[in-house]
Amino acid sequence: METGMESAGSAGSAGLAQSAALKLSEMGERSKQLGSALRDPERQRRVILVIVCVALLLDNMLYMVIVPIIPDYLTDLENAQALRSTHANSSLSRATRENLDIQIGVLFASKAILQLLVNPFTGTFIDRVGYDIPLLIGLLVMFVSTCIFAFAENYWTLFCARSLQGFGSAFADTSGIAMIADKYTEEAERSRALGIALAFISFGSLVAPPFGGILYEFAGKRVPFMVLASVCLADSVLVLTVIKPFSDRTRENMPVGTPIHRLMIDPYIAVVAGALTVCNIPLAFLEPTISRWMESTMNASEWEMGLVWLPAFLPHVLGVYVTVRLAAKFPDLQWFYGALGMVIIGASSCTVPACRSFGQLMVPLCGICFGIALVDTALLPTLAFLVDVRHVSVYGSVYAIADISYCVAYALGPVVAGQIVHHLGFVQLNLGMGLVNVLYAPALLMLRSVCQMRPSRSESDALLEDAPAGLYHTIRLEERRRARKGLCVTATNALPVDENGLFARSKSCSEESSGPEFT
């Protein structure tokens with residue numbers, strides 16, 4: 001009987017071992033299928049687009065989530081300090097309030113200021129090492145800064161966390177946008193992918209204030225930052241597992257990009273950068289000033305001041321969608337879409353002071369966001385195209401210039417806008433911003449000639465005939481060069497192609513080796 005029980009037990013153990021082996025083999029097959037799916041270029045591009053969009057969403061949520069939290073939190077800190085002081089009086093309270101306004105303005109601007117200072121160096125760094133490692137660095141720095149925000153207990157800790165976030169954003173934003181431009185080489189696909197990224201940027205900026213305000217009210221200061229830190233860490237893990245920045249050695253073949261100072265003096269790039277700065281000035285200047293104006297002119301409640309920007313998300317997405325569709329049908333009119341957007345921004349900005357109710361105010365704010373969507377969606381792909389036709393197709397520095405353009409507006413907004421309102425008035429601020437946008441719009445006429453530079457050859461012709469231009473092109477060219485040196489196993493590794501990308505005729509490897517060598 002004991003022998004029978006031992007045999008039954010051994011048989012059961014063997015069955016368990018066999019089932020475990022089957023499960024392990026199934027898991028291995030699934031991981032192989034997932035790995036093969038991620039090796040597919042099209043699927044890999046989509047996964048990379050998702051990773052970059054989440055990074056941009058996080059950055060803009062971290063930028064705007066403090067809007068409803070920090071003023072109230074700093075006020076509580078000041079009140080607690082005043083209660084501990086035995087010499088508090090009304091004049092001290094008034095001075096404290098003025099000092100608090102200055103502190104809030106400096107805190108809000110510190111991210112954009114540091115990002116503005118770091119961007120010229122990050123652009124060069126990205127051009128040298130590729131796009132994946134800087135993206136990972138940016139996400140990890142943003143994770144650390146968000147955790148510091150969650151546990152900060154005084155103003156200077158908050159200031160350090162905000163500045164550190166700007167350092168991380170300089171890496172994450174620039175490398176993410178540049179990675180999209182590098183992966184999507186066709187103009188229509190590039191416009192669509194950048195449009196999706198802009199939609200995530202808009203969603204993060206507009207949904208963050210109510211998200212932060214609700215969680216701050218019901219769960220405390222730390223919860224919104226810990227939620228965003230968790231998502232940031234998860235996105236970093238995706239970068240490590242999907243993009244694998246430290247195992248991909250193809251970045252060693254990256255050509256040397258055009259220095260950022262040479263790109264800055266390119267007249268076409270300078271016009272685009274100026275348009276990106278000017279079109280974002282109304283949004284950057286209204287965010288720190290519109291709440292007080294709403295309180296004084298229409299007796300707006302706290303929830304109205306917090307939700308006034310939220311409906312503008314839909315016009316922004318609509319503007320992105322319309323511009324992408326128009327760019328696909330009429331790609332030579334990108335400059336016109338940008339100019340039209342600046343005119344809409346100018347007209348909408350001028351009508352803001354005429355609003356006398358919450359419902360009326362939503363209309364011009366929606367117009368401003370719609371116009372910004374037109375400008376950004378039309379001009380961000382234009383920057384990549386200008387680099388393709390006038391410089392080396394490495395996109396780190398040119399999108400660092402774009403990030404600098406945004407940072408100029410958002411660094412000046414919290415510091416300068418309040419002073420303009422104090423000395424000139426809210427009406428004059430909006431009229432000035434609207435006039436600047438309308439007057440700058442004709443400058444985009446200069447980009448009409450850029451459309452004539454559009455190359456008529458296909459990507460395959462460029463790969464076979466031209467020197468490498470960008471990380472994507474260089475990798476493809478290196479693969480073809482290795483195939484020519486004896487590694488080709490088919491007759492289609494380095495064949496001449498026609499204008500549609502089809503192979504013109506069959507040729508053996510020996511015939512290929514007698515052809516002209518790549519330069």
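The values are calculated or read from the model by the stated rules, or taken from the named source; none is laboratory data. Just so you know, these numbers come straight off a predicted model, no measurement behind them. Reconstructed Cβ throughout: ideal geometry from the backbone, glycine too, with neighbour counts over all protein chains shown. Heavy atoms of the whole protein, side chains included, go into the accessibility calculation; ligands, DNA and RNA do not. Shrake-Rupley method; radii C 1.70, N 1.55, O 1.52, S 1.80 Å.
Summary table below
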item: Filter result for VAL272 (β-branched (Val, Ile, Thr), modelled with pLDDT of 80 or more and open to solvent by 20 Å² or more (accessible area, probe 1.4 Å)); result: no
item: Subset of the stretch 344-371 [among the polar types (S, T, N, Q), open to solvent by 40 Å² or more (accessible area, probe 1.4 Å) and at pLDDT 90 or above]; result: THR351
item: Check on GLY138, at pLDDT below 90, open to solvent by less than 10 Å² (accessible area, probe 1.4 Å), within 18 Å of the chain's Cα centre (by Cα) and more than 18 Å from LEU380 (Cα to Cα); result: no
item: Residues of the stretch 282-332 satisfying the condition of being hydroxyl-bearing (Ser, Thr, Tyr) and either outside any loop (DSSP other than H, G, I, E, B) or within 15 Å of VAL352 (Cα to Cα) (or both); result: THR289, SER291, SER296, THR297, TYR321, THR323
item: Those residues of the stretch 157-176 which are of a type in the set (A, V, I, L, M) and either closer than 10 Å to MET142 by Cβ or touching a Ser or Thr at 6+ places or on another chain (Cβ under 8 Å) (or both), in sequence order; result: ALA161, LEU164, ALA170, ALA172
item: Flag for ALA199 being in contact with a His (Cβ under 9 Å, 6 or more places away or on another chain) and part of a helix (DSSP H, G or I); result: yes
item: Matching residues in the stretch 255-281 - criterion: being assigned to a helix (DSSP H, G or I), over 24 Å from ARG356 (Cα atoms) and among the β-branched types (Val, Ile, Thr); result: ILE260, ILE269, VAL271, VAL272, THR277, VAL278
item: Cβ pairs under 9 Å, 6+ apart, first in the stretch 170-184 and free of Cβ contacts under 8 Å to residues at least 24 places away in the same chain, second open to solvent by less than 10 Å² (accessible area, probe 1.4 Å); result: none
item: Test result for MET294, in contact with an Asp or Glu (Cβ under 9 Å, 6 or more places away or on another chain) and open to solvent by less than 10 Å² (accessible area, probe 1.4 Å); result: yes
item: Qualifying residue in the stretch 89-98 (condition: open to solvent by less than 50 Å² (accessible area, probe 1.4 Å), at pLDDT below 75, in contact with a Ser or Thr (Cβ under 9 Å, 6 or more places away or on another chain) and at negative phi); result: no
item: Residue within the stretch 329-339 that is of a type in the set (A, V, I, L, M) and under 20 Å from PHE313 (Cα atoms) present; result: no
item: Only one of THR185, THR122 that is farther than 13 Å from LEU62 by Cα and either charged (D, E, K, R) or open to solvent by 10 Å² or more (accessible area, probe 1.4 Å) (or both); result: THR185
item: Test: residue in the stretch 172-181 that is open to solvent by 30 Å² or more (accessible area, probe 1.4 Å), part of a helix (DSSP H, G or I) and modelled with pLDDT of 85 or more; result: no
item: Test set (1) closer than 26 Å to VAL416 by Cβ; (2) surrounded by fewer than 22 Cβ atoms within 10 Å (Cβ to Cβ) - ALA284 fails condition number; result: (2)
item: Exclusive hit being more than 18 Å from the chain's Cα centre (by Cα), of a type in the set (A, V, I, L, M, F, W, C) and either under 26 Å from LEU307 (Cα atoms) or open to solvent by less than 10 Å² (accessible area, probe 1.4 Å) (or both), set PHE211, PHE151; result: PHE211
item: Residue match in the stretch 412-424 (condition: open to solvent by less than 40 Å² (accessible area, probe 1.4 Å), more than 19 Å from ALA112 (Cβ to Cβ) and modelled with pLDDT of 85 or more); result: no
